[in-house]
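The values are calculated or read from the model by the stated rules, or taken from the named source; none is laboratory data. From a predicted model like this one, the values you see are computed outputs, not experimental measurements. Every residue, glycine as well, gets a Cβ built from its backbone with ideal geometry; the counts of neighbours run over all protein chains shown. Just the protein is used for accessible areas: all its heavy atoms, side chains included, with ligands, DNA and RNA removed. Shrake-Rupley method; radii C 1.70, N 1.55, O 1.52, S 1.80 Å.
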Amino acid sequence: EDAPSEANAYPLVGIPDSQLTPEERDKKRHQKMLKGAAEAREKERLRKERERDEKLRKRSQEEQERAQNPTKWLQVARAKRADLLERREVRAKKKAASNDRRSVEANERMRAI
C-alpha cells in the first residue's frame with residue numbers, strides 16, 4: 001500500500017542516472033534525501049510505539065502480580081527500592097571521595113597526570 005504513494009512522492013529515485021538530465025539528477029538526489037529522512041522518521045515512530053507497548057505490558061503484568069500476591073509484590077518493590085537507594089548512596093560516596101584530595105582515587109588521578 002505504501003509503494004504506490006512512495007513512487008508518486010519520489011518519482012526520480014527509481015530511474016538510473018544515465019537516463020536523467022543534470023537538473024533531474026539534482027532533483028533525484030534531493031528526493032533520495034527526503035525519502036531517507038521519511039524512512040528514518042517512520043522507523044523511529046515504530047521504535048517508540050514498540051517501547052510504549054512494552055512499557056504498558058510490563059505495567060499491566062506488575063499490576064496483575066500485585067493483585068494476585070500483594071505480599072510478594074511488596075517484598076520485591078522494597079528490594080528494588082533498597083537497591084536503588086544503595087546505588088544512590090554509593091554514587092554520593094564516590095563523589096565525596098573524588099572531592100577529597102587525600103583519597104586514594106585522587107592520588108591515582110594525580111599520579112596519572
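I'd like the carbon and sulfur percentage of the solvent accessible area for the chain, probe radius 1.4 Å, heavy atoms only, ligands and nucleic acids excluded. Please report the intermediate quantities before stating the final value.
Working: 5420 of 10430 Å².
The computed percentage sits at 52.
At what distance in angstrom do the alpha carbon centres of the range 16-51 and the range 56-91 lie from each other?
44
Rounded to whole Å and sorted largest first, list the principal axis extents of the Cα atoms in the chain.
So the extents along the principal axes, rounded to whole Å, are 71, 58, 14.
Want the number for ARG102 to ASP26: 0.36 nm per residue separation, take away the alpha-carbon distance, what's left?
21.0 nm
Rank GLN31, THR71, LEU12 by how far each Cα sits towards the positive end of the charge dipole of the chain (+1 on Lys, Arg Cβ; -1 on Asp, Glu Cβ) and give me just the farthest.
Working it through, the farthest residue towards the positive pole turns out to be THR71.
Rounded to the nearest 10 degrees, what's the angle between the helix 70-99 long axis and the longest principal axis of the chain, both from Cα atoms, 0 to 90?
Helix 70-99 sits roughly 90 degrees off the main axis of the chain.
In degrees between 0 and 90, to the nearest 10, how far off the longest principal axis of the chain does helix 22-68 point, with axes built from Cα atoms?
Compared with the principal axis, the helix lies near 40 degrees.
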